[in-house]
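**Student:** Okay, here's the structure, questions in a sec.
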Amino acid sequence: MNTRAEAGRCGEQVRSDCHVGITMQDSGGIDIHMKSKVYVQYGRSNRALLEEACRTFDIEHARIDVDDSGALPYTIAARFETAVKRLRPEESRSMLLPVRDGVYQPTARDRFRRSRLYLPGNDPKLSINAAIHGADGIILDLEDSVAPAEKDAARILVRNALREIDFLGAERMVRINQGELGKRDLEAIIPERPNLILVPKVETGTELRRVHDFIAELRTQHGMDEEIHLMPIIESARGAVHAFEIAYSADSVVAIAIGLEDYTADLGVARTNEGRESLWLRGAVVNSARAAGVQAIDTVFSDVSDMDG
């Protein structure tokens, strides 16, 4: 059995995050070593939070090393929980801080979704002030922007962010992973009432219906009345030819989107700003969305160096 595990990030360029290392010991109680840029202001309260976290997970003897770069309590709690679950893969308990008042507001099926801001789920500094950009939707991403080794950490951090961050009216969206990873994402995320789940690389209506049904099971399990919308993303030729079937497969679908990076890779062609290579897909998605009575959503503009584009 492992006796030490770590989670989080530290370093000169890191902001609003922390690194937590837990070394289990046979005796000596809880020994907390904290390095923090904000220790004078928040050291005492952060130490109390770490002590509470130890009690939550029944840790009686351990050395806790924390390198804090101004992390908020929800991030410290998430990093601690991740380290614990890397030590104890069977651990089912969670470190849940109180839900902040007003963070959840329901959203209508037909609300505007003109602009969507993607945020890597494992980078807390990007989420804290995301609302100031005024996007219609803020997407906390658990898929492509998160390295495979950090999927567990991102899932816990996004769950905590949904409990804490007020996105000031932006739709609270989460992009999950595929398959079993996606199911684990949903188990963690759905109880925190996201407004919308983006489902990547959908290729058939049956696939999306499974996601819809699993969310319905989780809502029943947690006694939830809140609606949770779905936005499938078409990212392959197979998905493109099944676009209407996907759009019409579940009553929770409110929009259907396209992802051109993977779509053009699947076709074996280069993606261009002119977009002739994706004209057929765009037409198929627009017509399918119209026929199914949902919104058609264009791809993201991924060339961040091209400000004019």
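**Student:** Which lysines have a Cα less than 28 Å from the Cα of residue 183, not counting those fewer than 8 places away in the same chain?
**Tutor:** Residue 183 reaches 85, 125, 151, 201.
**Student:** Taking 0.36 nm per residue of sequence separation and subtracting the Cα-Cα distance, how much length would be gained by fully extending the chain between residue 307 and residue 216, in nm to one decimal?
**Tutor:** Roughly 28.7 nm would be gained on extension.
**Student:** In what order, largest first, do 90, 81, 150 sit by accessible area if the probe radius is 1.4 Å?
**Tutor:** Result of the area sort, largest leading: 90, 150, 81.
**Student:** Would you mind telling me which residue in 158, 286, 40 has the biggest mean-square fluctuation in a Gaussian network model of the chain, where springs connect alpha carbons within a distance under 10 angstrom?
**Tutor:** 40
**Student:** For a quick protection proxy, order the peptides 143-149, 120-126 by their average other-Cβ count within 10 Å, most packed first.
**Tutor:** 120-126, 143-149
**Student:** Quick check for you: which residues of region 40-83 have the amide N under 16 Å from the point 7 Å beyond the Cα of residue 33 toward its beta carbon?
**Tutor:** Flagged as within label range: 62-68.
**Student:** Throw me the Rg/Rh for region 1-153, computed over C-alpha atoms with Kirkwood Rh, two decimals.
**Tutor:** Taking Rg over the Kirkwood Rh, I get 1.01.
**Student:** If I stretch the segment between residue 269 and residue 237 completely, what's the gain in nm (0.36 nm per residue apart, minus their alpha carbon distance), one decimal?
**Tutor:** 10.3 nm
**Student:** Using only Cα atoms, tell me the angle between helix 179-189 and the longest principal axis of the chain; keep it within 0 to 90° and round to the nearest 10.
**Tutor:** 60
**Student:** While we're looking at this one, here's another question. What does a probe at residue 291 reach in region 226-243, counting residues whose amide N is under 16 Å from the point 7 Å along Cα→Cβ?
**Tutor:** Output list for this probe position: 238-243.
**Student:** Among 6-12, 161-167, how do they line up from the highest to the lowest mean number of other beta-carbon atoms within 10 Å?
**Tutor:** The most tightly packed comes first, giving 161-167, 6-12.
The values are calculated or read from the model by the stated rules, or taken from the named source; none is laboratory data. On a predicted model such as this, the values are computed, not experimentally measured, just so you know. No Cβ is skipped: glycine too gets one built from the backbone with ideal geometry, and neighbour counts run over all protein chains shown. For accessibility, only protein heavy atoms count, side chains too; no ligands or nucleic acids. Shrake-Rupley method; radii C 1.70, N 1.55, O 1.52, S 1.80 Å.
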